[in-house]
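The values are calculated or read from the model by the stated rules, or taken from the named source; none is laboratory data. If you're wondering where the values come from, they're calculated on a predicted model, not measured in any experiment. Cβ sites come from the backbone with ideal geometry, for glycine too, and all protein chains shown count toward neighbours.
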Amino acid sequence: MGRTETAVVTNQNLQSFFFGRVHEAIEALDFRAQDDTVHYLINLLALFGRSDHYSDAQANDSGKPLALMLADVHASTNIVEQNKILKRLGDIALFVSGFFSDSLNRKIIDIDYYVAMGGSAYGSLCVGTRGTRRESTLSPVFSELSEKFVACVDLLNEVSAGTNIHNDSDILRTYELWLRTGSKRAEKILHALGINPERIEPERIEPGKSSDLLFVQ
């Protein structure tokens, strides 16, 4: 079997795998979206699930921050190039937010930055693709990805990590995710643990402190 055949088989296996995982997550979270949007998310996961694609993407982007990618959009006068960069920006922001939210919480640039940048990119892409024949059919998908960006992050989080809470720091990260983004998945996890996040005073929560403060009666 040649390299091309192997790549196709691998991609098909990933598509099948993520199809099942995404639909399990949809049921668990009662996620509601049009079929085309769900299909887009499955394709996104299958694409980034290939280590060769992810490595190539990192090399091509040269580790460029999302803000500089957005600057490239404004610097370009070519609508096709603008759309390509915006799509790339939105996809990266969504994938990273969905699969690496814990690591983002330990960096200066946090998950709310990725949520804002990704949602904005898809929103701009929705407008930008309306006048292009090839991608005009994706305009409703980009619109929904923009409007439901946090819900899509929740979905990818569910696919990636389930709802496992192992220690106090995990609980605090889940609370912080809810506080920053309004994540319905994070809120659901907290409620399942007997936590009502809406009744917690944020200034009372400090890193390294006991999570007993989170359990509000």
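The figures follow:
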item: Region 23-44 residues that are at negative phi, paired with ones that are aromatic (Phe, Trp, Tyr) and part of a helix (DSSP H, G or I) (beta carbon under 8 Å, 6 or more apart); result: 42/18; 42/19; 44/95
item: When residues of region 100-123 are limited to those that are surrounded by fewer than 19 Cβ atoms within 10 Å (Cβ to Cβ), of a type in the set (Ser, Thr, Tyr) and within 29 Å of residue 139 (Cα to Cα), the one modelled with the lowest pLDDT; result: 113
item: Condition broken by residue 163, with the remaining ones in (1) closer than 20 Å to residue 28 by Cβ; (2) assigned to a helix (DSSP H, G or I); (3) at pLDDT below 90 satisfied; result: (2)
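Here is a yes/no grid of residues against (1) closer than 17 Å to residue 32 by Cβ; (2) at pLDDT below 55; (3) in contact with a Leu (Cβ under 9 Å, 6 or more places away or on another chain); (4) among the β-branched types (Val, Ile, Thr):
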| site | (1), (2), (3), (4) |
| --- | --- |
| 144 | yes, no, no, no |
| 149 | yes, no, yes, no |
| 155 | yes, no, yes, no |
| 186 | no, no, yes, no |
